[in-house]
Amino acid sequence: MMPYPALQLVSDGIKRLAVYRDPLTKPADAVIWLHGGNGDAVEFLNGIRPRVDVMDIAPQGLVTGSNPGWTNPWESDIPEEAIDNLIDVRFMASLEAQVRIQFRFVKRVWLCGFSAGGGLVWSVWAMQPVIPQTFSGLCAVGKKLRRTPENAWKWNAAAVPAIPFVMINGANDSPDDESTGSGEHFSWQESYAQARLVNGNTVNEPVVSGYSVCGEPSNLVRLKIASGGKAPAARYVVEGVGHVWQSCESCHTDDLVIERFRAFGLGW
């Protein structure tokens, strides 16, 4: 028996599912949380801290290759039933619309993804000129922006609308010097700069947060806020942490996500 109720819909002719947790307070905000590669929607939702003013929704990825995950516009490894590699970008658009239809009290829908789910967040951001969506804000955790591959996807070929955008990565999470040599991804700084550039932000303000990460006070969280443009952007760097979704009593990664979403309008 599934521990959570589920939203079921058909996107691109494929039955898709998302579990959700409703606080029964008719919240004006819903957050869609995307698990990482080889992830499980129920387990991921279990790791999100419940909040009385947020409806939490966790969709289940399809199997790509041998693992359940997400298909991005630059990938050739897609599910058998998929017609192209935009299948999950369209699924996000369909799921957002379904949430607004089924829960009329929801006024704002936010999107956050971890690892492979963060890759899909970048895709949703970049493909807005092609597949419009109305998310109130985005967050990519532990995932850099993919460089334009030779074979297809050119994310900057069309103007990407400005939208609040949050990046979170561990200081030990795929360091830049190990990733930029391949040319597949922008560095963390470059990824952040791309989001700032699109959002029209020019001011960079370093701030130190008081978080202790899972009981380790030395693991400080640094926050860089870009402001003064058409839409805000922010980047958290969690010291001493690698590629992991924090989920303990002292600190959840979703605490950082929700804190910045609140600054950008959640709960207003």
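Each reported figure results from applying straightforward, stated rules to the coordinates on display, with no laboratory input. Keep in mind the model is a prediction, meaning the values are calculated, not measured. Reconstructed Cβ throughout: ideal geometry from the backbone, glycine too, with neighbour counts over all protein chains shown.
A few remarks follow.
- Across Lys26/Lys144; Lys15/Lys107; Lys26/Lys230; Lys143/Lys224, pairs whose alpha-carbon gap is larger than 28 Å: Lys26/Lys144; Lys26/Lys230
- Cα→Cβ-extended label distance, 7 Å offset, between Ala82 and Asn172, nm: 3.2
- Residue-wise HN-Hα couplings along the stretch 46-52, as the Karplus relation 6.51 cos²θ - 1.76 cosθ + 1.60 with θ = phi - 60° gives them from phi, are 4, x, 9, 5, x, 9, 6 Hz; Gly and Pro carry x.
- Modelled label reach - Lys230, point 7 Å along Cα→Cβ, the stretch 106-140 residues with backbone N closer than 12 Å: 129
- Stretching the chain fully between Val130 and Leu17 yields a gain of 38.3 nm (0.36 nm per residue, less the alpha carbon separation).
- Volume of the Cα convex hull of the stretch 42-146, divided per residue and given in Å³: 116
- Protection-proxy order for peptides 126-138, 27-39, 250-262, each taking the mean of Cβ atoms within 10 Å per residue, highest first: 27-39, 250-262, 126-138
- For the stretch 57-124, the set of chymotrypsin sites (Phe, Trp or Tyr not before Pro) satisfying both a DSSP loop assignment and a count of at most 12 other C-beta atoms within 10 Å is given as Phe105.
- With the biggest extent put first, the Cα atoms of the stretch 1-88 measure 42, 27, 22 Å across the principal axes.
- Taken along its three principal axes, the alpha carbon spread of the stretch 80-134 comes to 34, 23, 21 Å, from the longest extent down to the shortest.
- Loop-located trypsin sites (Lys or Arg not before Pro) in the stretch 36-124 (DSSP state not H, G, I, E or B) with no more than 10 neighbouring Cβ atoms inside 10 Å: Arg104.
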